[in-house]
1. What are the chymotrypsin sites (Phe, Trp or Tyr not before Pro) within segment 149-257 that DSSP puts in a loop, where the Cβ has at most 16 other Cβ atoms within 10 Å?
2. Lysine pairs, Cα distance under 28 Å, 8 or more residues apart or cross-chain: how many in the chain?
3. So what are the ³J(HN,Hα) numbers for segment 203-215, from phi and the Karplus equation (6.51, -1.76, 1.60; θ = phi - 60°), rounded to whole Hz, Gly and Pro as x?
4. Going through segment 194-241, which GluC sites (Glu not before Pro) have at most 13 other Cβ atoms within 10 Å and a DSSP loop state?
5. Given DSSP loops and a limit of at most 14 other Cβ atoms within 10 Å, what is the longest stretch of the chain that contains no such trypsin sites (Lys or Arg not before Pro)?
6. Over the chain, calculate the relative contact order: mean separation of alpha carbon pairs under 8 Å at least 6 apart, over the residue count, as a percent.
7. What does the convex hull of the Cα atoms of the chain come to per residue, in Å³, rounded to a whole number?
Amino acid sequence: MPYPQNFETAKELEVIVREHGAVPATIAILDGIPCMGVYLILRFIGFFSLFLVGGLTTEELENLAHLGSKARKTASRDIALVMAGRENGATTVSATMHLASMVGIPIFVTGGIGGVHRHGDNITAMDISSDLTELGNTPVAVISAGVKSILDIPRTLEYLETQRVTVAAYKTDEFPAFFTQTSGYKAPARAESPEHCARVIDANIRLERKSGILIAVPIPKEHSASGSLIGSAIQQALQEAREKKIIGNAETPFLLA
């Protein structure tokens, strides 16, 4: 998003998290320093309390929003490079998961995760997001609207299964498609309520599994009507990307633009 919409959206999301009784910790890398959250154990009269503090301050969040695309797109493989170069990094799902897990943040919310790009069956163009392998190796629960609609949903679900990732759709049997509630593909499992999701997350922690969880929440019905229009635009953008030979991590920004 352009500034100031990106800043206003980020602030609004943090307000929503607080209103529902949780503490937000927006994650990024600024001047080579990962900004996550840290747990503090504070002692009061007769008892201890656990608090999460950290993440970006409002000022830091606005600075990142001003940077926009000037901040480096940072996957988990890039964290060390961004830190060493004292750069500013906008963390992808894989990098955010990794940094969250380092400080014990068990739940991460995002718009859509990366996945297997369309035409991924062509070995010369095989493009699989590191978000999927990070989900297979990092015990963080990711809540999203599914995978980005520019991706190959059935192959993404197959790859998540290979990576041992627990996948469920929220109150639906069909895996959502980011901009639309339906994709035509059955979800591996169904979660019926926030309490059900919490029990799944708790069970994963108690089992000491090293892989994560993906809970896909469909877009509200009133916002899903434009899905077919967006779908046709995606097909056109994919064709343009192939013609211009845009591949790798440059493809997603091109398609979203």
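1. Of the chymotrypsin sites (Phe, Trp or Tyr not before Pro), the ones in loops of segment 149-257 whose Cβ has at most 16 other Cβ atoms within 10 Å are Y185.
2. Lysine pairs, 8 or more places apart or on different chains, close enough: 23.
3. 5, 4, 5, 5, 6, 6, 6, 8, 9, x, 10, 10, 10
4. E208
5. 1-85
6. With pairs under 8 Å counted, the relative contact order is 14 percent.
7. Per residue, the Cα convex hull of the chain comes to 148 Å³.
Throughout, read-outs are computed from the coordinates displayed, never taken from laboratory work. Keep in mind that this is a model prediction, so the values were computed, not measured. Quick reminder, even Gly has a Cβ in these numbers, built from the backbone with ideal geometry, and neighbours come from all protein chains shown.
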